[in-house]
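The structure appears right after this line, and notes come after that.
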Amino acid sequence: MAKTPINNDIRKLRFNQDEMTQQQLADKVGVTRQTIAAIENGKYSPTLELAFRIAQVFSLPLEEVFTYNPEDTKK
């Protein structure tokens, strides 16, 4: 599976938020822990709705959690 052009800082944000686990974040946004792991590792791009829900958990705007780099698809 190819790496997506959407990068994120979820792992860092979870750590800075009382070392939140993937499972805790998954529970807050209504997905599985495996989905969070796949997003963190760049193996899955979240839907727009899920991306907003994740950003909302951290009380941050979407662009501070996710970045788009189309150059990643050219590698």
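The values are calculated or read from the model by the stated rules, or taken from the named source; none is laboratory data. Just so you know, these numbers come straight off a predicted model, no measurement behind them. Note that we place each Cβ from the backbone using ideal geometry, even for glycine, and neighbour counts take in every protein chain shown. Protein only, heavy atoms only, side chains kept; ligands, DNA and RNA dropped before computing areas. Shrake-Rupley method; radii C 1.70, N 1.55, O 1.52, S 1.80 Å.
Pairs only if they're at least six apart or on different chains, beta carbon under 6 angstrom, first in segment 1-20 and of a type in the set (A, V, I, L, M, F, W, C), second in a strand (DSSP E or B); list them, first residue then second.
Here the result reads Ile6/Phe66; Ile6/Tyr68, each pair linking segment 1-20 to a residue that is in a strand (DSSP E or B).
What is the number of the single condition among (1) exposed (fewer than 15 other Cβ atoms within 10 Å of the Cβ); (2) without any contact (Cβ under 8 Å) to a residue 60 or more places away in the chain that Asn69 does not meet?
All conditions pass for Asn69, except number (2).
How about segment 1-54: which of its residues are among the polar types (S, T, N, Q) and out of contact with any Ser or Thr (no Cβ under 8 Å at 6 or more places or on another chain)?
Within segment 1-54, Asn16, Gln17, Thr21, Gln22, Gln23, Gln24, Thr32, Gln34, Thr35, Asn41, Thr47 meet the criteria.
Considering each residue of segment 1-35, count those that are closer than 24 Å to Pro70 by Cβ and open to solvent by 60 Å² or more (accessible area, probe 1.4 Å), and give that number.
Of the residues in that region, 6 qualify.
If you take the residues in segment 36-60 that are in contact (Cβ under 8 Å) with a residue 12 or more places away in the chain and of a type in the set (Ser, Thr, Tyr), which one is most open to solvent (accessible area, probe 1.4 Å)?
Tyr44
When segment 19-66 is examined, which residues are found to be farther than 14 Å from Ile6 by Cα and of a type in the set (Ser, Thr, Tyr)?
Those that are farther than 14 Å from Ile6 by Cα and of a type in the set (Ser, Thr, Tyr): Thr21, Thr32, Thr35, Ser59.
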